[in-house]
Every structure is written in C-alpha cells, then in structure tokens.
Amino acid sequence: MPAKKQPALQITPPFGYDDIAPLQKTARVLLPAAGTTPDFCRSINALVLSFSEFSIASRDYPIVFASSDAGETYSPVVVLGLADAQNLFVDTRGEWDRTTYLPAFVRRYPFCISRLNVGGEPRSEKMVCIASAYLDPQGLPLFDAAGGPTPQWQAAERLLEEYETDLELTAQMCDSFRKLDLFSPFSFQVTQDDVAGLKLEGMHRIDEEKLRALKPASHKALVTKGLMSKIYAHIHSLENFARLYSRAVARANAPAKPKRRADDVKDAPEQRVLPLA
C-alpha cells in the first residue's frame, strides 16, 4: 500500500515578517546590528503592545485597544502615526527615535515564536522561527559545536520566552476587561482654527464611567490582578495624542535630511529586554 500522505505543516509569520523558517541548531544567522530598525517599522501606524510594557510605553505613545472580530477579542496597540503607513517615531534615515521606548515586538526581530497549523487545523504547539532573509552561510552560529547556546542566542531566547509569556497575560487582561464590559469605541480628531481635520477611528478605550460603575468586588479583582495600574497607564497615555500631532506637524515642516548610513547606528543605547517584575 502507498504510504499515507502526511498533512502539510504551515507556519504563519507574524505581522512584519515576510517569510519565516524554523530555527535549526545548525543555522547561521546574520544578526542585525544593535540599534537598527526592521524595514517593516517604516510603514506602520500602530504596533501590538504587551502586558508588562504598559507603564513604560505610556510615557511616549497613546495606548488604545483594537478588535478585528467585532468585539470577541481585543488587543492593546501603541499608535505611531496619524495616517496609513505613517510611523512618526522612525526618522528619515529609517531608524526608531532612540529617545523613546522601543516595543518588544520590534526588539525580538528577526526571531519569533509561531503557532503551528497542520492540514489547515491550528495546533497548540509552538515553534521558534527566524525571518528567512537572515539565514546565511556567512552568518554567526547560535549554538556551539556541542550544541550549547551562544551568548547571543541566550539573550534572544530569553526575550522570546518572556515576550510569549507576556502575550498570554495580555490576552487574559483584555478578556477580563471585555467580560466587565469596560471597552467603548472612540475616535481622535484634529481641529485647527475651528475646522475639523484628520480623524482616526476604529479604536477602543477603557470607559471611565463604566469603570466607576463596577461593583466593589470587581474593582478589588482588578487591583488584585494588577490590572488597575494598566488601566490608568492606558488612560493617561491618551494625552500623547497631542504629542503625536505635534510630531506630525514637525515632520511636515522639517527640511529633507540625508538617508542613514551604516555607522549611524553603532552607538544606539541598549533597550531593556522587557520591564518584567
């Protein structure tokens, strides 16, 4: 009898990754230089944020919630621009503003952890992957001859593991907010000289009236789970829409600058892996 055909294994790349491949111990990798910014960051106006990043990210970005399934699930995102494909935190050389917090979603690149799909069915298993463009015979090994991890891979693996755990906490947090019916849709509109201009829609926020109307037991649960601090970080971060607009105005009025050079990113300051407790 002919051998039974095995179901096709599919790996779905995260946003911003063109193509990914499972990371093998024998792989050689072109590790990006410290401080460099992945290409996909230059054409996005929002980026996923995780649980432990709320406090530090709220200093620089508006944090809002988005839903792609009519309110069944929500995800926190930082707003980066006021137009499609506009990231106001990436300069004309293509590098992220080093005075602001760089989200972990970007810092983990070119690595990621992806869920498997076998024969069209999602599986619970996960696999460490890498953007295929960074695999190269001339690259650096991530494991030594004995199969042990190099320091470069140890740092990357730690970030991946912490980030993946943080994403699970993020999903649990958003589900708690949804069950308490705390989300409300809102929009941001620029008005200048009493004339309404650009408008951003499709965003959700924690409704403060709904929050105040919660029963004491629900309030206590939010505090006990450490979620109240995330709510206030989100609420305070919305003031950053004004700063975002100021960035847009400054960008529009700025003279053209030369493109980046490779040596412009040598001295980029180190970013924390994740502000985990």
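The values are calculated or read from the model by the stated rules, or taken from the named source; none is laboratory data. Just so it is clear, the model here is predicted, and its values are computed rather than measured. Ideal geometry is used to build each Cβ from the backbone, glycine not excepted, and the neighbour counts take in all protein chains shown.
Condition test on L169, is it hydrophobic (A, V, I, L, M, F, W, C), over 30 Å from L82 (Cβ atoms) and not in a strand (DSSP E or B)? Judged against the criteria, L169 is not a match. Within region 221-249, residues that are closer than 19 Å to V77 by Cα and of a type in the set (S, T, N, Q) have Cβ atoms under 9 Å from residues that are modelled with pLDDT under 95 and in a helix (DSSP H, G or I) in no pair, counting only partners at least 6 apart in sequence or on another chain. The set of residues from region 58-74 being surrounded by 12 or more Cβ atoms within 10 Å (Cβ to Cβ) and hydroxyl-bearing (S, T, Y) comprises S58, Y61, S67, T73, Y74. Taking every residue in region 201-218 that is closer than 23 Å to S187 by Cα and acidic (D, E) and pairing it with any residue that is at pLDDT 95 or above and part of a strand (DSSP E or B), at least 6 positions away or on another chain, the pairs with Cβ-Cβ distances below 6 Å are D207/S184. Taking the criterion of being of a type outside the set (D, E), in contact (Cβ under 8 Å) with a residue 24 or more places away in the chain and within 17 Å of S114 (Cα to Cα), the residues of region 144-168 that qualify are A156, R158, L159, L160, Y163, L167.
Does at least one position in region 123-143 carry a residue that is within 27 Å of S229 (Cα to Cα), of a type in the set (V, I, T) and touching a residue at least 60 places away in the same chain (Cβ under 8 Å)? Taking every residue of region 123-143 in turn, none turns out to be within 27 Å of S229 (Cα to Cα), of a type in the set (V, I, T) and touching a residue at least 60 places away in the same chain (Cβ under 8 Å).
Residue check: W96 meets all listed conditions (1) surrounded by 20 or more Cβ atoms within 10 Å (Cβ to Cβ); (2) closer than 17 Å to L244 by Cα; (3) out of contact with any Ser or Thr (no Cβ under 6 Å at 6 or more places or on another chain) but one, namely (3).
Those strands (runs of 3 or more DSSP E) of region 51-157 in which at least 1 residues are modelled with pLDDT of 90 or more, closer than 25 Å to H234 by Cα and within 13 Å of the chain's Cα centre (by Cα), considering only elements entirely within it, cover 63-66, 75-79. For A213, the criteria (1) modelled with pLDDT of 95 or more; (2) under 19 Å from the mean Cα position of the chain (by Cα); (3) not basic (K, R) hold in every case but one, which is (2).
Give the residue, chosen from S184, S246, S176, that is modelled with pLDDT of 95 or more, in a helix (DSSP H, G or I) and among the hydroxyl-bearing types (S, T, Y). Talk me through it step by step, then tell me what you get.
On the way: S184 fails: in a helix (DSSP H, G or I); S246 fails: modelled with pLDDT of 95 or more.
Result of the check over S184, S246, S176: S176.
Just give me the residues in region 1-50 being of a type in the set (S, T, N, Q), modelled with pLDDT under 95 and under 27 Å from Q172 (Cβ atoms), in sequence order. Within region 1-50, Q10, T12, N45 meet the criteria.
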